[in-house]
Amino acid sequence: MFCSRCGSRLGADVNYCPACGHPAANVTVPPSAGRRFRLAIIAGVTVLGLGGAAAVTYALLRDDASDPPTVAAEPTVPDGSPIPSPMEATEPATTDTTGPTPPPPAADFADLYRTVSSGVLMVQATTCEGSGVGSAFLISGHQIVTAAHVVDQAASVAVIAGGHTHQATVVGLDGANDIAILETPSELDGHRFTLTEADVAAGESLAVIGHPLGDPLTMTTGTVSRVDDALWPNIQLDISVSPGNSGGPVLRPTGEVVGVLIAKDVEAEGLSYAVRSDLVVDRLTRPDLLSPPEIADCELPLGPDDAELPEIEDVSELHLAVAQTLDRYFGGINSGDYQLAFDQLSPRLQGSMTAADFAAGVETSYDFGFEVHWIEETPQGAEIWLEFTSIQAPGYGPEGESCTHWSLDYELAWYGEWLLIDRVTGHGGTSGHLPCD
């Protein structure tokens, strides 16, 4: 058996994958069709950001109780989908290209990066696998291409472009070929890519642009090492990629997209795989080839594992205490340890809801893009101004949206030796939240 996250071989009696730590219950048999190596579906496992909860945050915002009592009881403080099956060889379509006119030939890949990088996006999603971070690219102002396993059974999806987060919807998926089409309600700025149906050849120089490990945008270059329509994926690349590159464009120096990156070989250094762009063209011109998105079929859809927590400099004991509280609160929400997050609320706030109510409000939420503007000491403890973005299932946002921008003031108060969240208000007297689009 093989790990569904990283593709490593698993022994018969192991509980967790020794390579990535994924539970061994989530295993899959690798694709057949004669391929002897193991492929790892490369949805991201690490992202920049941290967790929160739109529904609960909104409830805390509405709390207007009096200042905290001086004495109170001390509370207790306690990435990818199975690889799709092989496909039959597909005859090339007759159309040459789709989308806008290709950019003029770039002098080299450095010029290409400057020309097209604005059209490559990061995808964030809450999924049953908890591994919904990947890359994507624009083909029109509203239309985006990514890998299906990045958004499969997603409760919520957002794309990040140029530092701005936008709500996105899965229009359709082709799970067998690992292709997904997304749309945004508002038109996005950025380069629009051209999908070419021209054949690629072994030895051809190509580049991959994406967000490896959810990090800032990068480009890696290399060559085509094999093209075989009898196998899936049918383009083998000698290009190094990482989790988070899934769904990114595979490009010629001219800027044309020849494929969509979907997998890597975990036994051979630097080998990766892409599906041909003509398959994407077919699905854009024939939407009947796409399946409607499935609703997340699990109790606790989560964001990517190992989410980054707020960056707070350890300049004083107060700053350290604030960092520890926020780490436990947002880390608990992102990991599904809702009791840990609930325990970071003051007894006064805990008195306004049960732990079960708290968990019900946060179970589809994931926050990222966290920014700590300032921390100030107060007689009770500390006040922090935070800004971040949350994605959540439709209906969970303050106005029913699935993507929310937050700008909030958190008041923390000392209860014994614990610094706990005691009040949340919109920064500057505002509501503290706006839909992403």
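Between L217 and E311, the distance separating the two model label sites (each 7 Å from Cα on the Cα→Cβ line) works out to 1.9 nm. Note that the range 203-349 shows a convex hull volume over its alpha carbon atoms of 193 Å³ per residue. When each of S140, S390 is scored by the number of other beta-carbon atoms lying within 10 Å, the sequence from fewest to most is S140, S390.
No lab work stands behind these numbers, since they all come straight from the coordinates. Every value quoted in this text rests on a predicted model; they were computed, and no experiment measured them. So basically every Cβ, Gly included, is an ideal-geometry build from the backbone, and we count neighbours across all protein chains shown.
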